[in-house]
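The values are calculated or read from the model by the stated rules, or taken from the named source; none is laboratory data. Here the structure is a predicted model, which means the values were calculated and not measured. Here the Cβ is made from the backbone with ideal geometry for all residues, glycine too, and neighbour counts use every protein chain on show.
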Amino acid sequence: MEQQKDANKYSIIIPTYNERLNIALIVYLVFKHLKDVDFEIIVVDDGSPDGTQEVVKQLQQVYGEDCILLRARPKKLGLGTAYSHGLKHASGNFVVIMDADLSHHVSVLPSMILKI
């Protein structure tokens, strides 16, 4: 089914802590599944020591800093506050919250957006 162009913007908040191995894959999958959708990805990293922020910065060079926003925090402050922090930076009129560990299937985003 072909997805129609949507006037809405979606802010996808992805909290991270030591997700260096997953963040590039989830970003790729979001871009793959949301080709005709206006969205931004807000990565809220809690001071990951594994290089997660460096990977996100590389992804910004590929996809653009306007599409991938890194909103880092200095230390691990928890999942709930990471979502709140991401919401402060969201510019979309709809917000999607996803886990970086791929436990939320990106492939359902198009059908979810169509139902909005």
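Points worth noting:
- Selection count, region 76-90, where residues are part of a loop (DSSP other than H, G, I, E, B) and either among the basic types (Lys, Arg) or within 13 Å of the chain's Cα centre (by Cα) (or both): 2
- Of the residues in region 40-61, none is surrounded by fewer than 20 Cβ atoms within 10 Å (Cβ to Cβ), in contact with a strand residue (DSSP E or B) (Cβ under 8 Å, 6 or more places away or on another chain), at pLDDT below 95 and at negative phi.
- Single residue of region 83-110 satisfying the filter (of a type in the set (Gly, Ala, Ser) and out of contact with any strand residue (DSSP E or B) (no Cβ under 7 Å at 6 or more places or on another chain)) that is farthest from His33 (Cα to Cα): Ser84
- When region 91-116 is limited to residues that are over 14 Å from the mean Cα position of the chain (by Cα) and of a type outside the set (Gly, Ala, Ser), the one that is modelled with the highest pLDDT turns out to be Asn93.
- Residue that is surrounded by the fewest Cβ atoms within 10 Å (Cβ to Cβ), among those in region 91-116 that are assigned to a helix (DSSP H, G or I) and of a type outside the set (Gly, Ala, Ser): Lys115
- Residue that is of a type in the set (Asp, Glu) and over 15 Å from the mean Cα position of the chain (by Cα), where the choices are Glu65, Glu54: Glu54
- Matching residues in region 12-48 - criterion: being out of contact with any Lys or Arg (no Cβ under 9 Å at 6 or more places or on another chain) and among the acidic types (Asp, Glu): Glu19
- Whichever residue in region 1-60 is assigned to a loop (DSSP other than H, G, I, E, B) and small (Gly, Ala, Ser) and, among such residues, is nearest to Ser84 (Cα to Cα): Gly47
- Candidates Leu59, Leu21, Leu25, Leu29 - the one that is without any contact (Cβ under 8 Å) to a residue 40 or more places away in the chain and more than 24 Å from Lys88 (Cβ to Cβ): Leu21
- Residue that is surrounded by the most Cβ atoms within 10 Å (Cβ to Cβ), among those in region 62-90 that are in contact (Cβ under 8 Å) with a residue 60 or more places away in the chain and among the aliphatic types (A, V, I, L, M): Ala82
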